[in-house]
Every structure is written in C-alpha cells, then in structure tokens.
Amino acid sequence: TLAPAVKNFTLNFTITNLQFTADLQKPSSRRFKSTEKVMYHYVDSLLQKSSIGPHFTGCKVAGFRSGRNRDDTKVDAVCSYKDNASLARFDREKLYQELSTMTNNVTKLGHYSLDRSSLYVDG
C-alpha cells in the first residue's frame with residue numbers, strides 16, 4: 001500500500017494586539033522565533049481539535065507582515081495533513097467554520113485578539 005500523501009494548506013489571520021516591528025520579518029531574530037513558537041502552540045492545538053486533527057501533521061510560519069494599523073500583525077502559515085482514504089476530502093469551508101468557532105468567532109487566539117474578517121483557509 002502507498003503511504004498517504006502529505007498535502008498543504010495555507011492559514012492566514014491578523015492579530016490586532018501584536019505590534020508589528022521590523023524584527024518580525026527576520027526569521028533569525030529572537031522576536032520572530034519567540035512569536036513563531038507561540039503561534040505553533042496556539043494554531044497546532046486548534047488544528048489538532050478540528051476535523052483534520054487525526055491527519056494534521058503541523059504548521060510552519062511562513063512569515064509575519066505589517067497590518068493596516070500599527071498594532072496589527074498578519075500571520076501567514078503553511079500547514080500540512082496526510083491525505084488518505086479515512087479523510088473524505090479536505091474541506092476548507094468546514095475547517096474555516098471550526099476554526100471560527102474555536103476562536104470565538106475569529107476574535108481570540110489565546111491571549112491575542114484577532115481581526116474578525118482576517119481568517120483565511122486555502123486548500
């Protein structure tokens with residue numbers, strides 16, 4: 001039998017209480033690394049509780065970007081899951097709804113506040 005293929009999807013959202021600074025653009029900076037760890041903790045725990053949880057293999061922060069306001073930071077992540085027969089199909093709308101519910105209608109991610117219209121899941 002073939003091993004399940006690993007597939008990727010992107011996850012984007014904006015944090016409204018994390019001020020963007022230039023060091024968040026540098027993957028080698030201490031601030032990037034510490035913020036990345038916190039994102040892994042929150043995002044991985046959400047996705048493990050979602051419908052793709054049993055198939056979820058992890059996320060990688062692709063980068064942080066400046067938001068519209070000075071205190072906004074956009075988060076871009078690439079997440080992976082194993083695509084196999086027991087996963088009917090990747091349903092990005094269902095995953096969006098689950099993540100929306102788990103983040104209080106896209107307002108909270110741990111101690112971070114989210115821009116309600118910023119959550120985007122793309123399979």
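Annotation: lysines with alpha-carbon distance below 22 angstrom to LYS26 (same-chain offsets under eight excluded): LYS37, LYS60, LYS74.
Each Lys or Arg adds one and each Asp or Glu subtracts one; over the other residues with Cβ under 11 Å from the Cβ of ASP23, this totals +4.
Need the list of aspartates and glutamates near LYS49 for cross-linking: C-alpha distance under 13 angstrom, and skip anything on the same chain fewer than eight residues off. Partners within reach: GLU98.
For LYS33, the aspartates and glutamates whose Cα comes closer than 17 Å to its Cα, not counting residues fewer than 8 places off in the same chain, are ASP23, ASP44, ASP76. Solvent-accessible area of segment 5-122 (1.4 angstrom probe, protein heavy atoms only): carbon and sulfur portion equals 47 percent. What separates the Cα centres of segment 75-123 and segment 1-33 is a distance of 14 Å.
Does anyone have the angle between helix 30-49 and the longest principal axis of the chain? Alpha-carbon axes, 0 to 90°, nearest 10? Once rounded, one gets 40 degrees.
Helix-only estimate, please: 222 nm mean residue ellipticity of the chain, summing -39500 (n - 2.57) across DSSP H runs of length 4 or more and dividing by its residues, to the nearest 500.
Value at 222 nm, helices only: -8500 deg cm²/dmol.
Beyond 17 Å, the tail of the calculated P(r) for segment 5-122 holds 53 percent of the Cα pairs. For the chain, a simple Cβ point-charge model (Lys and Arg +1, Asp and Glu -1, everything else neutral) yields a dipole of about 280 debye relative to the Cα centre. The angle between the Cα long axis of helix 92-102 and the longest principal axis of the Cα atoms of the chain comes to about 50 degrees, rounded to the nearest 10.
The values are calculated or read from the model by the stated rules, or taken from the named source; none is laboratory data. Values in this document were obtained by computation on a predicted structure and should not be read as measured data. For neighbour counting, all protein chains shown are included, and Cβ atoms are generated from backbone atoms with ideal geometry for every residue, glycine included. Surface areas here come from the heavy atoms of the whole protein model, side chains and all, with no ligands, DNA or RNA. Shrake-Rupley method; radii C 1.70, N 1.55, O 1.52, S 1.80 Å.
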